[in-house]
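For reference, the structure discussed in these notes is given below.
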Amino acid sequence: MITAHQLRAARALLSIDQRQMAELADLSVPTIQRMEASDGVIRANVDSLMKLVSALESAGIELINPGAASATGGRGVRLREHVTNPKTTLKTTLKTNLKSKSKTVRQPKRVLERVR
């Protein structure tokens, strides 16, 4: 589970805007806006939440859930230690997403008319 505060904090750590977050997660900008406008835990369909969390993890974000080992407890986000440059990771992920989208573009089916 991820909260709106965690999503905004993760974007801040990555220095990206909502449009870039949407591209990274393969979601629409209005979806990201709705998620960030949520009060508390984000409520969305499971597929969208999975895409969001996966994209954040790929960019080097670690979500900290309540009850995790920390001095004061609570939720949070942090960059994983082994991520050397989150911007480079982000650019690579965005390029990969764009390449995979271009491969899945379908050509329109041709409609053949019957000549009498």
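The values are calculated or read from the model by the stated rules, or taken from the named source; none is laboratory data. The structure displayed is predicted, hence computed values, not measured ones. Glycine also receives a Cβ, built like all others from the backbone with ideal geometry; neighbour counts cover every protein chain displayed.
One table, with the values for the structure above:
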| item | result |
| --- | --- |
| Count - residues of segment 1-49 that are part of a loop (DSSP other than H, G, I, E, B), in contact with a Ser or Thr (Cβ under 8 Å, 6 or more places away or on another chain) and β-branched (Val, Ile, Thr) | 1 |
| Top-ranked residue of segment 1-30 - restricted to ones that are over 14 Å from residue 51 (Cβ atoms) and charged (D, E, K, R), ranked as surrounded by the most Cβ atoms within 10 Å (Cβ to Cβ) | 11 |
| The lone exception for residue 114 - which of (1) modelled with pLDDT under 85; (2) within 17 Å of residue 8 (Cα to Cα); (3) basic (Lys, Arg) it fails | (2) |
